[in-house]
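Single-structure report; data block below.
The values are calculated or read from the model by the stated rules, or taken from the named source; none is laboratory data. All values reported here derive from a predicted model rather than from experimental measurement. Cβ: placed from backbone, ideal geometry, glycine included. Neighbour counts: every protein chain shown.
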Amino acid sequence: MAVKISTISTLIVFLALLSLGHFSHGELRLGSYSETCPNVEEIVFGVVEKAFSTNSRLAPLMIRLYFHDCFSNGCDASLLLDSTTSPNEKTAGPNLSVDGYALIDAVKDELENKCEGVVSCADTIALVTRDLAHLASGKKARYEIPTGRFDGRESLASSVDLPGTQMSVSDTFEMFKKRKLNLTDMVLLLGGHTIGVTHCSLIMDRLYKFNNTQNPDPAMDRNLVKELRRKCPENSEQNRAINLDQNVSSSNIVDASFYKQIKSRRGILQIDDQLAKDEMTKQIVTDLAEGNDFLARFGQAMVKLGSYGVKDQDTGEIRTSCRSCNDFCTA
Ligand code: HEM
């Protein structure tokens, strides 16, 4: 009988831990500010909703910022640091076109007014990004995002580690795998390219001189090549913005149309095009293009990305200003 009771209590403890595990990611948990800043989500959403109503570009900017911050050194807001004893993350090539810093400052100021010294910049990024993805989906997508991140004290251009557009699917996947993200997570996260833009300079090779030939990338839809060549003439100084999702009615909406576009050979970046063709990922792309669960699954993948390399109170701090460390910084 005694054995039976201890077996049952072990089972209960196990189930309780399992259910806790369901809600928490590493050091993170839902409602981590419920005692210290109970209205944190409302405060953040208030500022974000107002900003988005006059500038919808904030959504793609912030989704990209979140990805770039998390991928290099973990989700620790190191990308926000301005201090410059050595080149910081902001100055690294792929981060030169990243922006959205002023919105984070505005949200953080409001948080400091209401709950001084409590909410980290890394959590601010995660909450702001979640809210913008929600607004840019026409309020169809809303995922819960666990919090409890601390802010990093180091920001070095040399530690920026991001995939390039011309890398193969399998090399790109190696980089995601290192961050504990699986192949499906990678395809879902690249669905971030359902909104926002790239620039002519980054696709000129696909339009004119693919693989050192005098021809466009044969993988790209002929009509799209023609259209893009008009927008990006060969010797133009103008570096126009080109929508990553070529469905005109949904280029600014977070939805699954990106996957339909890449399946129709209308991917803009080479990596997007490759996703739809590569044996490793093409079935996942087809399922997302044909299914109706992209929004929910994108949210889950964003949560998973947001748990990578999170700092705790020993390895990080709660910054007062997101642009500088409280005491000392390596940057
Ligand atoms: C896997 C490899 C990836 C590569 C090679 C890549 C590359 C790029 C490039 C070259 C741009 C255009 C930059 C410019 O022209 O200024 C871009 C834009 C963007 N990327 Fe990615 N990206 C990747 C993954 C991701 C992921 C995982 C997300 C989201 C979770 C994401 C979100 C975005 C967004 C939203 C934009 C538009 C930014 C804007 O409109 O300002 N990307 N990406």
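A few points about this structure:
- Of LEU244, LEU224, LEU228, all but one fail to be within 21 Å of PRO163 (Cβ to Cβ) and surrounded by 16 or more Cβ atoms within 10 Å (Cβ to Cβ); the exception is LEU244.
- Subset of the stretch 37-90 (residues that are in contact (Cβ under 8 Å) with a residue 40 or more places away in the chain, under 15 Å from PRO146 (Cα atoms) and either hydroxyl-bearing (Ser, Thr, Tyr) or more than 16 Å from the ligand (Cβ to nearest atom) (or both)): CYS37, ASN39, VAL40, GLU41, VAL44, TYR66, ASP76
- For the stretch 91-121, the set of residues classified as among the hydrophobic types (A, V, I, L, M, F, W, C), surrounded by 21 or more Cβ atoms within 10 Å (Cβ to Cβ) and more than 16 Å from the ligand (Cβ to nearest atom) consists of VAL107, LEU111, VAL119, CYS121, listed by residue number.
- Every residue from the stretch 126-140 that is within 13 Å of the ligand (Cβ to nearest atom) and on the phi > 0 side of the Ramachandran plot: none
- Here the condition is being at pLDDT 95 or above, assigned to a loop (DSSP other than H, G, I, E, B), hydroxyl-bearing (Ser, Thr, Tyr) and not assigned by TED's automatic domain parsing to the domain that holds PHE258; of SER83, SER97, SER53, it holds for SER97 alone.
- Restricted to the stretch 180-197, and to residues there that are under 17 Å from GLN270 (Cα atoms) and part of a loop (DSSP other than H, G, I, E, B), the residue that is farthest from the ligand (Cβ to nearest atom) is ILE195.
- Subset tally (residues that are assigned to a helix (DSSP H, G or I) and either among the acidic types (Asp, Glu) or outside the structural domain of GLN261 (by TED's automatic domain parsing) (or both)) for the stretch 198-229: 2
- Within the stretch 141-179, if we keep just the residues that are among the basic types (Lys, Arg) and in a loop (DSSP other than H, G, I, E, B), the residue that is nearest to the ligand (Cβ to nearest atom) turns out to be ARG179.
- Screening ASP205 on (1) among the acidic types (Asp, Glu); (2) modelled with pLDDT under 95; (3) within 13 Å of the ligand (Cβ to nearest atom) shows it passes everything except condition (2).
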